[in-house]
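Following: one structure in structure tokens, then a few remarks.
The values are calculated or read from the model by the stated rules, or taken from the named source; none is laboratory data. Only a predicted model underlies this, so the values are computations on that prediction, with no experimental measurement involved. Methodologically, a virtual Cβ is constructed for each residue, glycine included, from the backbone with ideal geometry; neighbour enumeration extends over all protein chains shown. Ligands, DNA and RNA are stripped out before the accessible areas are found, and what is left, the full protein with its side chains, is counted by its heavy atoms. Shrake-Rupley method; radii C 1.70, N 1.55, O 1.52, S 1.80 Å.
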Amino acid sequence: MLILASAAEVTVVSKEARRAGKRVGFVPTMGALHQGHLSLVRTARAQADVVITSVFVNPLQFGPTEDFSKYPRDAEKDSAMLAAEKCDYLFLPSVEEMYPPGATTWVNVEGLSEKLDGHSRPGHFRGVTTVVAKLFNIVQPDFAFFGQKDAAQVAIINKMVHDLNFDVRIVVCPIMREADGLAMSSRNAYLNPDQRKQALVLYRSLMRVQTLADRGESSSARLKVAGAQVMAEEAAVKLDYFEIVNRDTLEPVADISGGALVAVAAYVGSTRLIDNILVTGKGNAAEPR
Ligand code: AMP
């Protein structure tokens, strides 16, 4: 695996690959890689001829009081994990490489970027879409792989790709979980042993909704109350939101008969965690696209 720090070099290797008739798969990440990230790399490996992964902790998507400076970084470990997955190129740019002084252009998906996590984290999704648009232009991938774990991000990236005619196919991969159900996240590293146990309440609240939906409950209001009740059982965990929305528009839905995204965000100590499930009208868990 080759490590590249220069955007221009990445563009060259991608162009050369495509000129040779190869399909390029791209996995954007912020590093501190875990099995969730690696599942994206494996899917990319299976679907594309050349796999490019980026590791870049994007300052634009962190609020002033958020964890940008303490976000876990371990480039050596990340690159060893990616090499073991037979990733071809690791794009590891500096902040200056991605944002040379004087850059003033933003990409913002209005209407979606303020919903769910965008509501609690103003400016977050504008930072995400700006960096992803830049990465797409640098890497020019045929396919880009994202995790359903960040369900609002998936909706927003899909909308950006559609609105701005990006010539890239978005592939969404299922949420990878620890054995007890906790969604894998780089931020789980912040949790102490007590918090690690408390964090399970997010998954429990989603499973409660899944069970009720399986039994035929379709009212979002009632399902939300049930989910929020489970969240309240863990006093140390502060609920940010528990929402039932359309997976594409992120607008609330009154009932889940047509399928819905059930999404939760909460603070465990100062660590903000998110999780979600997709339910179908029949209550079965829906597959990510
Ligand atoms: P991040 O490094 O947190 O920006 O995540 C990079 C990509 O990995 C995003 O598309 C995430 O949705 C995805 N991802 C993170 N955690 C998981 C997980 N537990 N399962 C599947 N994908 C994940």
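Descriptive notes on the structure:
- Among the residues of segment 72-86, at least one is at pLDDT 95 or above, open to solvent by less than 60 Å² (accessible area, probe 1.4 Å), in the same structural domain as K134 (by TED's automatic domain parsing) and among the polar types (S, T, N, Q).
- Subset of segment 144-166 [over 16 Å from the mean Cα position of the chain (by Cα) and closer than 13 Å to V132 by Cα]: L164, F166
- Scanning segment 214-248 for residues that are small (G, A, S) and in a helix (DSSP H, G or I), we see that the one that is farthest from I156 (Cα to Cα) is A232.
- Filtered residues of segment 195-206 (kept if without any contact (Cβ under 8 Å) to a residue 60 or more places away in the chain and open to solvent by 40 Å² or more (accessible area, probe 1.4 Å)): R196, K197, R204
- Restricting segment 182-194 to residues that are open to solvent by 20 Å² or more (accessible area, probe 1.4 Å) and of a type in the set (S, T, N, Q) leaves a set whose member that is nearest to the ligand (Cβ to nearest atom) is S185.
- Matching entry among L40, L116 (being in the same structural domain as V13 (by TED's automatic domain parsing), on the phi > 0 side of the Ramachandran plot and within 15 Å of the ligand (Cβ to nearest atom)): L116
- Considering only residues in segment 250-261 that are of a type in the set (A, V, I, L, M) and surrounded by 15 or more Cβ atoms within 10 Å (Cβ to Cβ), the one that is nearest to S205 (Cα to Cα) turns out to be L261.
- For segment 137-181, filtered to residues that are part of a loop (DSSP other than H, G, I, E, B), free of Cβ contacts under 8 Å to residues at least 24 places away in the same chain and not acidic (D, E), the residue that is nearest to the ligand (Cβ to nearest atom) is A179.
- For segment 236-249, a tally of residues being open to solvent by less than 70 Å² (accessible area, probe 1.4 Å) and within 15 Å of the chain's Cα centre (by Cα) returns 1.
- Meets criteria (away from the ligand (no atom under 16 Å from the Cβ) and either crowded, with 18+ Cβ neighbours inside 10 Å or among the polar types (S, T, N, Q) (or both)) for N108: yes
- Test result for L250, on the phi > 0 side of the Ramachandran plot and out of contact with any strand residue (DSSP E or B) (no Cβ under 6 Å at 6 or more places or on another chain): yes
- Boolean, S54 is near the ligand (Cβ under 9 Å from one of its atoms), under 15 Å from the mean Cα position of the chain (by Cα) and at negative phi: no
- Test: V128 is crowded, with 22+ Cβ neighbours inside 10 Å and within 11 Å of the ligand (Cβ to nearest atom): yes
- Any chance K134 is within 16 Å of the ligand (Cβ to nearest atom), part of a loop (DSSP other than H, G, I, E, B) and either open to solvent by 10 Å² or more (accessible area, probe 1.4 Å) or touching a Pro at 6+ places or on another chain (Cβ under 7 Å) (or both): no
- The set of residues in segment 2-34 that are open to solvent by 80 Å² or more (accessible area, probe 1.4 Å) and touching a residue at least 60 places away in the same chain (Cβ under 8 Å) comprises L2, I3, K15, R23.
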